[in-house]
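Engineer: Pasting a structure here, questions to come.
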Amino acid sequence: MRQSDGSEILGPHDPRNLVIGIIHVSPNDDRQSVITAIATQEKLGRDQIVLDLPAQNKSFKNAIDFEGLHQMASEIEAALVLVAPQKSKIANLARSERFTVYPSLDELTSAEFPALEPDEPEVPEVEAADVATSEAAVNEAPEAIAAPVEDDEADHVMLFPVTPLSAPQTPPTADASAQPENPVANANALPETPEPAPIKSATKKAARKKSQSVPSQAQIPAAALPPVELDQDLPEEDEAPTDPSLPTPDAAALTSASNGNGGQAVALAPGSNLPVPLSANSAALVPASSQLPMYYEPIDLNSTRRRSWRRWLITGLIVLLLIGMGVLFYRPILDLVFPPTATVTIVPASQRLQHTYQMTAVLGVPDPSKNQVDARALYADSQTQSQTVKATGQGHSAGQQAQGVLTFYNTSTTAQTVSAGTVIFASNGVAVVNNDTVALPALDPSVGLSSTTDSAHTVNVGNAQNIAPYTLNSQLCCGGSVYVSNTTAFSGGQDAQTFTYVQQSDIDGVAQALSALLTQQATGTLQGEVRSNERPAGSPHCAPQVKSDHQAGEWAATVTVNVMTSCVGEVYDMQAVQVLATHNLTQDASKNPGPAYVPVREILAQVGQATPDNHGNVILVVNAAGMWAYQFTDAQRAHLASLIAGKSSADAKSILQGETGVHDLTITLTGVAVTVVPNDTSRITINVEAVQGLHV
């Protein structure tokens with residue numbers, strides 16, 4: 001948004017610039033800012049405000065927007081003119097609200113503000129019968145030019161006749177027939193002409209603002225103008241403006257005439273035979289020469305108001321003086337009607353006390369004399385949660401040989417020997433080897449066959465090497481007289497394989513994942529057991545309880561882990577701590593600042609540190625603080641009132657400030673012009689202001 005005056009359209013030297021305001025609205029300006037700009041231009045005294053609106057804008061786009069603008073225009077003195085693109089929507093909406101709308105600033109300028117030109121003289125039309133008289137009057141008296149001057153109070157234009165440039169002064173002749181005896185008659189014989197138009201200006205408001213400036217010569221009418229009656233509402237004679245350079249009219253030249261002037265007095269301008277009409281109270285002056293017309297400052301109409309204010313001021317001072325004298329001489333009567341009183345408000349002396357005490361919270365029975373308070377242990381378990389995970393250990397086993405026992409029989413009468421590592425094949429193709437060298441005794445026919453055993457193993461590995469009993473059934477081996485059998489099965493044969501086993505990390509991972517949630521459950525249960533008068537002593541100790549269906553190292557594809565968390569905590573009695581701290585601090589305060597001071601509000605106790613020891617007790621560091629204020633008894637208040645009775649306010653304050661327990665005070669006296677404290681102590685009130693205590 002941009003604002004300017006009329007110089008934008010009329011040029012910098014046009015006298016109408018100050019009464020024209022132009023507001024260029026941008027598309028993004030809101031309506032409130034435009035309303036504010038209009039109000040600003042109104043305060044600047046504009047007679048005409050031009051609102052330049054773009055086709056698309058946020059301020060005015062609906063009919064209701066222009067209805068509000070029309071309402072505002074009806075409440076201000078300035079005329080509101082709109083400039084909007086031709087055939088646009090906002091132009092049609094503005095015209096529907098009876099706004100004057102121009103398509104451009106140029107068309108507005110040509111229509112509303114034509115260029116200033118000198119006024120053309122208007123020739124009066126006269127009757128044929130008056131032509132001769134008019135011509136004679138013109139020959140006998142020079143033409144008069146009326147210079148307009150505005151009246152600020154009534155917005156009237158007053159015309160003072162002045163001597164024109166082109167009319168030379170005609171000296172009077174001795175011929176009495178050629179010169180009229182009464183100049184008033186000559187003046188009345190002039191033909192009547194229309195009243196000349198005032199100087200071109202936008203409005204009367206602009207002319208009032210420019211009452212101190214001198215118009216250009218082009219604005220002065222050139223035609224002969226007759227004297228015009230002045231408004232009768234003129235200032236008093238002693239308020240007329242004066243100019244030392246102007247001559248004062250000769251009193252002898254003033255006459256009274258009733259012919260055509262309604263009894264109005266006229267004066268002859270020096271060096272001229274033209275009469276100047278004067279009202280009864282007028283003090284208007286005319287130029288002393290026939291040079292350029294002169295305009296004078298408007299008569300000051302505010303001096304009467306100033307004199308009126310001076311009268312009221314003097315009257316008020318006299319009334320105040322009379323009241324003061326009455327108070328001085330009628331003091332006893334005033335004291336009976338309006339008894340004087342004194343109210344003393346004392347701010348008592350106060351002191352903040354703070355001490356640190358060490359206390360012990362015990363699990364047994366506390367002893368307050370030893371600064372002990374009660375403590376209590378808390379225990380809580382969480383729910384048990386289970387989770388099954390895959391085992392992550394991977395291993396590889398080699399193939400195993402089957403192990404067994406061979407039984408040898410010697411059917412020869414001579415002793416036989418079977419060497420270690422002798423390979424023997426079973427009927428199913430499994431080869432076994434004896435582990436040791438075996439000596440077989442000779443056969444004793446009288447006794448019968450004897451047997452000798454030896455451990456053996458299969459040559460190959462695998463589950464297939466596990467042969468059943470008697471797979472070797474009295475099979476001939478090791479020569480022609482030795483037989484062998486396996487009376488028991490071979491076992492332990494195993495194929496090579498890769499296997500999965502449980503690692504400790506598998507179990508720990510599940511426990512860690514479940515412990516966080518379970519610890520929160522257990523601590524919540526623990527907090528629910530704390531009573532309203534208790535406070536926890538530090539953080540509780542929590543530990544998970546873990547069980548699994550497989551131990552670490554066992555072959556298994558999965559492992560199931562069960563987790564439960566147990567928490568242990570301790571609390572102490574905070575209410576007992578508060579009572580003990582209050583007792584200790586009150587005992588200390590009785591010594592300093594002394595028994596005359598009492599605590600204000602409650603004493604604050606805060607535990608700065610709580611440390612459990614190895615025996616289940618808790619060491620507490622307690623900070624106790626409170627505010628103590630001096631306590632005034634009724635007897636002390638009566639004594640203070642007697643000290644200041646009959647004293648001046650300053651002396652009374654000085655006396656009380658020296659008393660014990662007084663930090664500050666104010667004294668309020670009531671009554672008519674009371675300056676001293678009443679002698680009657682019953683009219684003295686001693687109030688003690690409450691001291692603010694400590695807040696948490």
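Engineer: To the nearest Å, what is the center-to-center distance of segment 477-519 and segment 391-431, using C-alpha atoms only?
Structural biologist: 22 Å
Engineer: Counting only protein chains, not ligands or nucleic acids, how are Tyr470, Tyr483 ordered by accessible area (probe 1.4 Å), most first? Write down the numbers at each step before the final one.
Structural biologist: Details: Tyr470 125, Tyr483 70 Å².
Listed by decreasing accessible area, they come as Tyr470, Tyr483.
Engineer: I'd like to know which of Gly658, Thr668, Leu620 lies farthest towards the positive end of the charge dipole of segment 561-696, counting +1 on Cβ of Lys and Arg and -1 on Cβ of Asp and Glu.
Structural biologist: Towards the positive end, the residue furthest out is Thr668.
Engineer: Which log10 I(q)/I(0) values does segment 556-667 give at q = 0.10, 0.12, 0.17 Å⁻¹ under the Debye formula, counting every alpha carbon as one identical point scatterer?
Structural biologist: Ignoring solvent entirely, the Cα scatterers give -0.57, -0.68, -0.93.
Engineer: With Cβ to Cβ distances under 13 Å as the rule, what net charge do the other residues near Gln56 carry (K, R +1; D, E -1)? Provide the component values of the computation, followed by the final result.
Structural biologist: Values: positive: Lys58, Lys61, Lys89; negative: Asp29.
Residues close to Gln56 contribute a combined charge of +2.
Engineer: Take the Cα gyration tensor of segment 447-524, multiply each eigenvalue by 5, square-root it, and list the three semi-axes largest first, rounded to whole angstrom.
Structural biologist: Details: eigenvalues 713, 40, 14 Å².
The answer is 60, 14, 8 Å, longest axis first.
Engineer: Treating only the Cα positions of segment 1-112 as identical point scatterers, give the base-10 log of I(q)/I(0) from the Debye formula at each q in 0.14, 0.19 Å⁻¹.
Structural biologist: Taking Cα atoms of segment 1-112 as identical point scatterers yields -0.50, -0.96.
Engineer: What is the sum of charges, Lys and Arg at +1 and Asp and Glu at -1, for the other residues whose Cβ falls under 14 Å from the Cβ of Ile318? All intermediate terms of the calculation are to be shown ahead of the outcome.
Structural biologist: Details: positive: Arg310, Arg311; negative: none.
Charge balance near Ile318 sits at +2.
Engineer: Run through segment 480-579 and list the GluC sites (Glu not before Pro) located in a DSSP loop whose Cβ has at most 15 other Cβ atoms within 10 Å. Walk me through the numbers on the way to the answer.
Structural biologist: Values: sites: Glu529, Glu534, Glu554, Glu570; in loops: Glu529, Glu554.
Loop-located and lightly packed - Glu529, Glu554.
Engineer: Check Gly399: other-chain or 5+ apart residues with amide H under 5 Å from its amide H, H built from backbone geometry?
Structural biologist: The list, which skips near neighbours in sequence, is Ala496.
Engineer: Something else: Filter the trypsin sites (Lys or Arg not before Pro) in segment 52-89 down to the DSSP loop ones having no more than 11 other Cβ atoms within 10 Å, then list what survives. Can you show the working numbers first?
Structural biologist: Working: sites: Lys58, Lys61, Lys87, Lys89; in loops: Lys58, Lys61, Lys87.
For trypsin sites (Lys or Arg not before Pro) across segment 52-89 that sit outside H, G, I, E and B with at most 11 neighbouring Cβ atoms in 10 Å, the list reads Lys87.
The values are calculated or read from the model by the stated rules, or taken from the named source; none is laboratory data. Worth saying up front: this structure is predicted, and the values here are computed from it rather than measured. Positions of Cβ are generated from backbone atoms using ideal geometry, with glycine treated the same way; all protein chains shown enter the neighbour counts. All accessible areas refer to the heavy atoms of the entire protein, side chains included, with ligands and DNA or RNA removed. Shrake-Rupley method; radii C 1.70, N 1.55, O 1.52, S 1.80 Å.
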